[in-house]
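Here's the structure, in structure tokens; my notes come after.
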Amino acid sequence: MRSTGTPLEKLRVGFAATGALLADDVVVRAAFRLAMESREAFPERRLDPFRTWRGFVGERLAEAEHAGLLRTGLDLLGVGELLVTAGMGIRDLIFMHGLWDEAEERLHNAVTCVISLIRA
């Protein structure tokens, strides 16, 4: 996914777009579930959604820090882990309770909340 704007806006768009896909497309939901549940069956593929999201989030945070958009002294690895685990926890909640129509808003709100805490 490509997005114009600041790295923090790219984070917001990435989380919201993932939520929108989960809300709107049963095939995307199935792909997420299959990726998680079939990890052991395909060790050569090394399916790891946490690692994938951690990379995306980490790159955006590093770009934001470089651009002077973040408060000084932040633990970027810790902030990245917070964002990823919040997103994955929301995803699990949505899957568990079938809250598909809330996916986009919940993911957007989580990333927006964290961004408000870390923005310079």
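Amide hydrogen proximity for L70: with H placed 1.01 Å from N in the peptide plane, the residues at 5 or more positions away or on another chain lying under 5 Å are A120.
Fully extended, how many nm does the chain gain between T72 and F95 (0.36 nm per residue separation, minus their Cα-Cα distance)? If you can, show how the numbers build up before the last one.
On the way: separation 23, 0.36 × 23 = 8.28 nm, distance 3.63 nm.
Result for the pair: 4.7 nm of gain on full extension.
Positive contributions from Lys and Arg (+1) and negative ones from Asp and Glu (-1), summed over other residues with Cβ under 15 Å from the Cβ of A103, come out at -2. Once the chain from S38 to E59 is taken as fully extended at 0.36 nm per residue, the excess over their C-alpha distance is 4.9 nm. Here E9 and L82 are evaluated by their C-beta separation; at R0 = 22 Å the FRET efficiency comes out at 0.75.
Using a 1.4 angstrom probe with every protein chain in place, what is the largest-first accessible-area order of V84, V28?
Values: V84 5, V28 30 Å².
Heavy-atom accessible area, descending, gives V28, V84.
Restricting segment 23-120 to GluC sites (Glu not before Pro) that sit in a DSSP loop and have at most 15 other Cβ atoms within 10 Å of their own Cβ leaves E44. Compute the longest continuous run of the chain that contains no exposed trypsin sites (Lys or Arg not before Pro); treat a site as exposed when its DSSP state is not H, G, I, E or B and it has at most 15 other Cβ atoms within 10 Å. By the stated rule (loop sites, at most 15 other Cβ atoms within 10 Å), 72-120.
With charges set only on the Cβ (+1 for Lys and Arg, -1 for Asp and Glu), what does the dipole of the chain come to about its Cα centre, in debye to the nearest 20?
Working: 15 positive and 17 negative charges, 46 e Å.
Once rounded to the nearest 20, the dipole reads 220 debye.
Backbone phi angles across segment 96-109, fed through the Karplus curve with coefficients 6.51, -1.76 and 1.60 (θ = phi - 60°), yield HN-Hα couplings of 5, 10, x, 8, 4, 5, 9, 4, 4, 5, 5, 5, 4, 5 Hz in residue order; Gly and Pro are listed as x. When shorter helices are ignored and each DSSP H run of at least 4 residues is given -39500 (n - 2.57), the per-residue value for the chain at 222 nm works out to -24000 deg cm²/dmol.
The values are calculated or read from the model by the stated rules, or taken from the named source; none is laboratory data. In this text, all values refer to a predicted model and were calculated from it rather than measured experimentally. For neighbour counting, all protein chains shown are included, and Cβ atoms are generated from backbone atoms with ideal geometry for every residue, glycine included. Accessible surface is based on the protein model in full, side chains and every heavy atom, while ligands, DNA and RNA are left aside. Shrake-Rupley method; radii C 1.70, N 1.55, O 1.52, S 1.80 Å.
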